[in-house]
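Inspection log for the structure reproduced underneath, given as structure tokens.
Readers should treat all values here as calculations from the given coordinates under stated rules, not as data from a laboratory. Please read all numbers here as calculations on a predicted model, not as lab measurements. Reconstructed Cβ throughout: ideal geometry from the backbone, glycine too, with neighbour counts over all protein chains shown.
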Amino acid sequence: MGVCYGTPDFPTPSNTGSLKSGMKLTISTSSSPAASNSHDSPAARDRKGFGDGKIVADPSLTVFSFAELKKATENFHRNALIGEGGFGCVFKGMLHGKQQSGRTETIIAVKMLNQSGNQGSTEWRRKIDFLGRLSHPNLAKLLGFCQEDTTLALVYEFMPMGSLGNQLFRKGSPAHLPWNIRLKIAVGAARGLAFLHCPERKLIFRDFKTSNILLDASYTAKLSDFGLVRSGPPGETSHISTQFVGTSGYAAPEYLETGRLTVKSDVYGFGIVLLEILTGLRAVDKSRPVGKHLLVEWATSRLSRKKQLRTIMDSRLEGKYYIHSAFQIAQLALKCLQTDPKFRPYMTKVVEELESIEAASAKRIRRKS
């Protein structure tokens, strides 16, 4: 569901005092490990995996009035509805008026909190806290929010190509993602996750799945929906213990069964997404024959040999993919899906492998195992 491209520059007010529409709200970051100095040695060491990400020391978000959001979405017209999830409905909107960038119109995505939904004000504040502070090419850009009476909303950049889930699983359309685009999306999503996982942040996404990977006009992947993000274990602690929340089809077995959570739990979810990219099939689909409801249970046994891999590759690709790169993706998925988390790779290593696979595929050069 939506969030998209183009970051508007909203005018900064000259007056001070109570917050009004269009004014900036600075969110303090001093109490969170995510606000660590981005120039520390761990970040420098892992720059390859994190891409161009950085910690923004003093982020400013625009505070929107409910009236502004109503106007932008034409009173939340049903034709503006572009998605719905645990947080609530998402509407496409248009901001009018000249901004500092010189643009007179900016497309936005507005997420309205469903008061009776699965996520509440705590998750709403967490999304503001994380997305307002973190800046990375592969994280969705939060532009601002609305808090007026019982109305809670988030305003994002609009993502015109929707989510990876929509692109892979939409019904009634012969269109599909070409192989090179799938590789690009996998690399971008991995970079975003690696950025969150780096030692100075140690943030665990907890709900990594195709519907939380949004795509801009050039199919650049941007992670979204940070309502379930948790800080990782402090110091040398191996894990944190918490009640399971998330999506079971993507959840690591140790987290689902015992509540033990680490960054390696996200790596397992990434492995599931790789399976979906390869096969074009959902992680969980009870309409499939018995024994095939869970993608991971029947697909993994077909990943170790190229001949078997061909039988589960997305038929919509019509064989237009480089089998050597597909096989390498399959092997990487197997590593991510190891039952014992200590045998799963860290996301920095996943990024390195995916970048190598993408480059080899582009040149149609067989990559050495």
task: Taking the Cβ of each residue in CYS146, CYS198 as the centre, tally the other Cβ atoms inside 10 Å and list the residues starting with the fewest.
output: CYS146, CYS198
message: Give me, ordered by chain and number, the residues 5 or more places off SER135 or on other chains with an amide H under 5 Å from its own placed amide H.
response: LYS54, VAL56
field: Leading residue at positive end of dipole, the stretch 211-364 (Cβ point charges), from ALA299, LEU278, LEU309
entry: LEU309
query: What list of ³J(HN,Hα) couplings, whole Hz, do you get for the stretch 145-162 from phi and the Karplus terms 6.51, -1.76, 1.60, once you set θ to phi - 60° and write x for glycine and proline?
result: 7, 10, 9, 9, 6, 9, 8, 10, 8, 10, 10, 10, 5, 8, 9, x, 8, x
query: So how do ARG260, ARG201, ARG310 line up by other beta-carbon neighbours within 10 Å, fewest first?
result: ARG310, ARG260, ARG201
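Less than 9 Å Cβ to Cβ from ILE240, Lys/Arg counted +1 and Asp/Glu -1: what total charge do the surrounding residues give? Walk me through the intermediate numbers first.
Numbers: positive: ARG230, ARG260; negative: none.
Combined, the nearby Lys, Arg, Asp and Glu give +2.
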task: Could you work out the local net charge near SER231, counting Lys and Arg as +1, Asp and Glu as -1, over the other residues with Cβ closer than 12 Å to its Cβ?
output: +3
field: Residue order, fewest to most surrounding Cβ atoms within 10 angstrom, among ASP314, ASP149
entry: ASP149, ASP314
query: How many nm is it between the label spots at LYS306 and PHE343, if each spot is 7 Å from the Cα in line with the beta carbon?
result: 2.5 nm
